[in-house]
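These notes concern the structure reproduced below.
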């Protein structure tokens, strides 16, 4: 906690997380209940509560962060975003009615335009969150052009997709460089020193573990399938396509079984390795952050990240047991209501309502468990694993920057690309 | 308790000032270690800010530099809380705000549902006739392409439409004859385009812009030409009411209302889909009942036998499964038949086709 004795700031130090897990649980559970009652409108209040909690309980060099954003700002940003998106959606709706090339391309164009807009929103939302982050009486802020960022992000995403993910580390590094180059704490400029190539080398074994089964499958297809015969079978038309495909390629069935098996292996690998990759990239990312002379080093342990997921699994299982105990009588009630001819439409509406509420409770429950275990742990682990040096710079930072609007947050919310 | 320790940030630099805070009559006086006055905040300009539980963090309302004062001593913090109305340590103000959020969101939900149930169909009803027919035709062509993509399997190697081969021409002529008689009675603003298509289901559909597809399964199942005519009259009802266009407008309106304004929370997607399905089924049930009424009326006007539509429905309409009423897009068959029979006129009727023409129509897909 804050010490009254020290006049200057110690040159190096760590970050402490002071938040109590129980308080966070309470906040999330109340939020989930209110989300349901308000059909989601409460999300602006919940997001603000969560950020206030996380920021206020993160202590850097003896002083905690402060989040000053308000729910009404988020609500207003969302409404502005809706106002902007209505004509965009209406335009795509009309374009889709066109029979010519415009109509055929409208789907692709809509996808591309919304992709760019989503990345634009990501950058603007980051600006909003930074300018609402106060530390020692000064705010963070962000310069740079959100459109330029969006263009850069889309190009990188395309590269990542074309290279089956191999370009992803370079994408992270490039985008993070752009973000941090434009990030300031007061007049202290940020930068990013992480190297994409390093992350690439570290991540490569994991990439192979996931991609190899898929590559084997593609190889098997090329090797075994007689493409000419298959093409003939498909173009002949008629009802018995399946039997003709089988006739043209007797080995196809076994290749398909192999493909499914390999897809299963790849998915399992990806799920098992995901926490390790998350730990790797979090460590890499936070070690690359710079503010003036302030440098950071992360010693995040991979097994701690796995621990967070194990805790999630346990809590989720517990939640499932509770759901079963409550859910079975509810399902019986639904069956009785829907099957009763005399209950009529009223009974049916009640049954549908119960099913719907049950579904929403289940989905919200799992999301709450995930936020209270994995997300909170990642925040806490990520922060507490940091060692900061050059902190004496904190004694002489000057104020600059003004708060920005919450439009980016609103767009991100409407387009479903929001972060914390 | 009028003195206490605090940590002060002046909002201009990040330097930390250990301060002595004095509770004066009208406000806080913040002085440095050396006794120099750093700031003076009137009580009504002080606000409490987000901080860890053990810390009271204060700021000055409306001040451009983000001045901050942190108090660690809980008793001294309580003394400040008492004097300043914008310091909300107990969370009373927050609770009040939360209650008003809940109240207004419930009001918003109710108004949304009312608009979805009454407003959206009413708007579609008023808007559909205003759409220029060029746009409606375009919409119809777009829908037509999709419908053909789904229905036209081309598996038998024959054309999707019947009535094109030489042996099918008499059937086509019979179809044209009965459609012409209906069309004259209906006096539609735009010409109809009707086809028999190679599908085995007993059904018929109307697309925006006046296209009617009669499935050959319907003709196979009909006992006489009037039963086919009855169903076509029902479909002309959809064309006259512009139901296809309305359905597109309604779907768009509902997607917008629910998808955009609500639904962006976990599990919300299911609520949106369920609400849309139930509401669209309810719109559709109304449209079907109206098309039945129109069809019966049109049969009366064309001196046809309106009861033929009812007897055809009795053959093709399935029984209602229990538990499916609110998801049904047609009203219950029994109720439809009763309603149509009530509307059927008592005047003598004349058949639409003679026996030879009816045989020709039955062979419209023979080629």
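Selection of first residues in region B:87-100 that are touching a residue at least 40 places away in the same chain (Cβ under 8 Å) and of second residues that are not in a helix (DSSP H, G or I), restricted to Cβ pairs under 8 Å at least 6 apart or on distinct chains, gives the following pairs, ordered by first then second residue: B:87/B:46; B:87/B:47; B:87/B:48; B:87/B:56; B:87/B:58; B:88/B:48; B:89/B:48; B:89/B:56. The residues of region A:339-361 that are within 7 Å of chain B (Cβ to nearest Cβ) and either modelled with pLDDT of 80 or more or in a loop (DSSP other than H, G, I, E, B) (or both), listed by number, are A:356, A:359, A:360. Listed by position, the helices (runs of 4 or more DSSP H) inside region A:152-252 whose residues that are touching a helix residue (DSSP H, G or I) at 6+ places or on another chain (Cβ under 9 Å) and at pLDDT 90 or above number at least 1 are A:168-181, A:196-224. Only a single item in (1) surrounded by 17 or more Cβ atoms within 10 Å (Cβ to Cβ); (2) within 29 Å of residue B:275 (Cβ to Cβ); (3) modelled with pLDDT under 85 is not met by residue A:399, and it is number (2). Residue A:69 meets each of the listed conditions (1) over 26 Å from residue B:93 (Cα atoms); (2) within 11 Å of chain B (Cβ to nearest Cβ) apart from (1).
The rows are residues; the columns are (1) touching a strand residue (DSSP E or B) at 6+ places or on another chain (Cβ under 8 Å); (2) more than 9 Å from chain B (Cβ to nearest Cβ); (3) buried (at least 21 other Cβ atoms within 10 Å of the Cβ); (4) over 25 Å from residue B:137 (Cα atoms).
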site	(1), (2), (3), (4)
A:42	no, no, yes, yes
A:45	no, no, yes, yes
A:85	no, no, no, yes
A:114	no, yes, no, yes
A:132	yes, yes, yes, yes
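Does residue A:376 satisfy the criteria of being within 28 Å of residue A:136 (Cα to Cα), assigned to a helix (DSSP H, G or I), more than 12 Å from chain B (Cβ to nearest Cβ) and out of contact with any strand residue (DSSP E or B) (no Cβ under 7 Å at 6 or more places or on another chain)? Yes: the conditions hold for residue A:376.
From the residues in region B:66-87 that are modelled with pLDDT under 85 and crowded, with 16+ Cβ neighbours inside 10 Å, which one is farthest from the other protein chains (Cβ to nearest Cβ)? Even if it seems obvious, please write down each step before you answer.
Applying the first criterion (modelled with pLDDT under 85) to region B:66-87 yields B:84-87.
Filter once more, keeping what is crowded, with 16+ Cβ neighbours inside 10 Å: B:84, B:87.
Details: B:84: 18, B:87: 15 Å.
So, considering only residues that are modelled with pLDDT under 85 and crowded, with 16+ Cβ neighbours inside 10 Å, the one farthest from the other protein chains (Cβ to nearest Cβ) is B:84.
If you filter region B:123-144 down to residues that are assigned to a helix (DSSP H, G or I) and surrounded by fewer than 12 Cβ atoms within 10 Å (Cβ to Cβ), you find that the one that is nearest to the other protein chains (Cβ to nearest Cβ) is B:134. Annotation note: of A:188, A:230, A:199, the sole residue that is within 14 Å of chain B (Cβ to nearest Cβ) and surrounded by 15 or more Cβ atoms within 10 Å (Cβ to Cβ) is A:188. Hey, residue B:257 hits all of (1) more than 30 Å from residue A:34 (Cβ to Cβ); (2) touching a helix residue (DSSP H, G or I) at 6+ places or on another chain (Cβ under 6 Å); (3) surrounded by fewer than 23 Cβ atoms within 10 Å (Cβ to Cβ) but one; which does it fall short on? The one condition residue B:257 does not meet is (1).
Based on this model, can you work out whether residue B:244 counts as buried (at least 18 other Cβ atoms within 10 Å of the Cβ), within 14 Å of chain A (Cβ to nearest Cβ) and under 29 Å from the mean Cα position of the chain (by Cα)? Against the criterion (buried (at least 18 other Cβ atoms within 10 Å of the Cβ), within 14 Å of chain A (Cβ to nearest Cβ) and under 29 Å from the mean Cα position of the chain (by Cα)), residue B:244 qualifies.
Could you say which residue among B:50, B:5 is facing chain A (nearest Cβ under 8 Å) and exposed (fewer than 15 other Cβ atoms within 10 Å of the Cβ)? Don't jump to the end; show me each part of the working.
Details: B:50 fails: exposed (fewer than 15 other Cβ atoms within 10 Å of the Cβ).
So the residue among B:50, B:5 that is facing chain A (nearest Cβ under 8 Å) and exposed (fewer than 15 other Cβ atoms within 10 Å of the Cβ) is B:5.
Look at region A:318-329: where a residue is more than 18 Å from residue A:351 (Cα to Cα) and a partner is surrounded by 14 or more Cβ atoms within 10 Å (Cβ to Cβ), sitting 6+ places away or on another chain with Cβ atoms under 8 Å, you get A:319/A:365; A:319/A:366; A:319/A:369.
In this structure, is residue B:175 at pLDDT 85 or above and either under 19 Å from the mean Cα position of the chain (by Cα) or within 30 Å of residue B:297 (Cβ to Cβ) (or both)?
Against the criterion (at pLDDT 85 or above and either under 19 Å from the mean Cα position of the chain (by Cα) or within 30 Å of residue B:297 (Cβ to Cβ) (or both)), residue B:175 qualifies.
Among the residues of region A:133-148, how many are in contact with a helix residue (DSSP H, G or I) (Cβ under 8 Å, 6 or more places away or on another chain) and either closer than 21 Å to residue A:188 by Cβ or assigned to a loop (DSSP other than H, G, I, E, B) (or both)? The number of residues fulfilling the criteria is 7.
Out of curiosity, is residue B:186 at pLDDT 80 or above and surrounded by fewer than 16 Cβ atoms within 10 Å (Cβ to Cβ)? So residue B:186 fails the test.
The values are calculated or read from the model by the stated rules, or taken from the named source; none is laboratory data. What you see is a predicted model; the values in this text were computed from it and never measured. Cβ sites come from the backbone with ideal geometry, for glycine too, and all protein chains shown count toward neighbours.
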